[in-house]
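The values are calculated or read from the model by the stated rules, or taken from the named source; none is laboratory data. This structure is a prediction, so every number in the text was calculated from the model and none was measured. So basically every Cβ, Gly included, is an ideal-geometry build from the backbone, and we count neighbours across all protein chains shown.
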Amino acid sequence: MELESLTPENLGKAVSITLRPEQEAFVAPVVQSIAEAYVNPTAWLRLVVDGDEVLAFIMGNFDPDHEIEAFRAGIWRLNVAASAQGRGVGRFAVRALEEEARARGVKRISVLWERGEHGPEGFYLKLGFVPTGEELFGEVVSYKDLHNQGKVSA
Ligand SMILES: CC(C)(COP(=O)(O)OP(=O)(O)OC[C@H]1O[C@@H](n2cnc3c(N)ncnc32)[C@H](O)[C@@H]1OP(=O)(O)O)[C@@H](O)C(=O)NCCC(=O)NCCS
């Protein structure tokens, strides 16, 4: 698995990433996220690829001055292709975003999710995100501290 920036060559495969139908309510389609990134210069986008195959799309946001704390540094979108789920691709993508955050001097990252049977809550809890108990726009707000990362086996 490797991390790749979006290019004219891989764009078609990126926007073709398909989730399981029951997961679609939990994250925007990749094409919408790319459009949002076009008008949000603080967005950070990467693909997880295996050779020519595009396995996942991740979008973070690094906007230290954002008025809402939960939007200053964290995961905005994560779409792992249905055919690639369950083999560590999501974890790889989140770790890549954590590395990017650390390189920017960020001490903790956030993610917001909607609760639901087919949602990503169990995934993010497993990766070490801790809900604050508050909700924003109907979604659970959670953070992961990035210090001592070497000692945590998430
Ligand atoms: C949630 C999602 C990102 C997980 O990606 P993935 O590549 O299948 O996850 P991984 O294989 O990296 O899983 C890492 C660990 O989390 C666990 N896990 C994954 N999804 C889980 C879920 N929904 N509930 C509980 N645990 C989960 C895995 O079992 C694995 O645990 P292990 O280390 O004990 O084996 C993926 O299912 C997805 O894209 N879902 C639809 C879109 C979505 O909800 N995105 C998040 C929006 S914020």
message: If I filter the range 108-130 down to residues being under 20 Å from Phe57 (Cβ atoms) and among the β-branched types (Val, Ile, Thr), which single residue comes out as nearest to the ligand (Cβ to nearest atom)?
response: Val111
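Of all residues in the range 110-122, which are surrounded by fewer than 17 Cβ atoms within 10 Å (Cβ to Cβ) and assigned to a strand (DSSP E or B)?
We begin by selecting, within the range 110-122, every residue surrounded by fewer than 17 Cβ atoms within 10 Å (Cβ to Cβ); these are 114-118, 122.
Hits for the range 110-122: nothing passes.
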statement: Note on the range 1-11: residues in a loop (DSSP other than H, G, I, E, B) and either among the small types (Gly, Ala, Ser) or in contact (Cβ under 8 Å) with a residue 24 or more places away in the chain (or both) are Met1, Ser5, Leu6, Asn10
query: Which of the residues that make up the range 83-99 are surrounded by fewer than 16 Cβ atoms within 10 Å (Cβ to Cβ) and either more than 6 Å from the ligand (Cβ to nearest atom) or not charged (D, E, K, R) (or both)?
result: Ser83, Gly86, Gly88, Arg95, Glu99
- prompt: Do you know which residues across the range 123-142 are crowded, with 19+ Cβ neighbours inside 10 Å, over 24 Å from Gln85 (Cβ atoms) and without any contact (Cβ under 8 Å) to a residue 40 or more places away in the chain?
  reply: none
- prompt: With Val31, Val15, Val39, Val80 as the choices, which residue is at pLDDT 95 or above and within 12 Å of the ligand (Cβ to nearest atom)?
  reply: Val80
task: Six or more apart or on different chains, Cβ under 8 Å: which pairs go from a residue in the range 108-122 that's of a type in the set (Val, Ile, Thr) to one that's assigned to a strand (DSSP E or B) and within 7 Å of the ligand (Cβ to nearest atom)? Could you list them?
output: Ile109/Ile75; Val111/Ile75
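Let me confirm something: among Glu139, Glu67, Glu53, which residue is away from the ligand (no atom under 15 Å from the Cβ) and out of contact with any His (no Cβ under 8 Å at 6 or more places or on another chain)? Can you show your working first?
Working: Glu139 fails: away from the ligand (no atom under 15 Å from the Cβ); Glu53 fails: away from the ligand (no atom under 15 Å from the Cβ).
One residue alone meets the criteria, Glu67.
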- request: Considering (1) modelled with pLDDT of 95 or more; (2) assigned to a helix (DSSP H, G or I), say which one Gly150 fails and leave the rest.
  value: (1)
field: Long-range neighbours under 7 Å by Cβ, at least six apart or interchain, first residue closer than 12 Å to Leu55 by Cβ within the range 68-96, second assigned to a loop (DSSP other than H, G, I, E, B) and within 6 Å of the ligand (Cβ to nearest atom)
entry: Leu78/Val27; Asn79/Leu19; Asn79/Val27; Ala82/Leu19
query: With (1) assigned to a loop (DSSP other than H, G, I, E, B); (2) at pLDDT 95 or above; (3) within 14 Å of the ligand (Cβ to nearest atom) as the list, and Gly105 as the residue in question, which single condition is left unmet?
result: (3)
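I'm trying to understand the selection: among the residues of the range 12-51, which are among the aliphatic types (A, V, I, L, M), loosely packed, with under 12 Cβ neighbours inside 10 Å and not in a helix (DSSP H, G or I)? Please lay out each step first, then the result.
Of the residues in the range 12-51, the ones among the aliphatic types (A, V, I, L, M) are 14-15, 17, 19, 25, 27-28, 30-31, 34-35, 37, 39, 43, 45, 47-49.
Filter once more, so that each one left must be loosely packed, with under 12 Cβ neighbours inside 10 Å: 25, 39.
Residue satisfying the conditions is Val39 alone.
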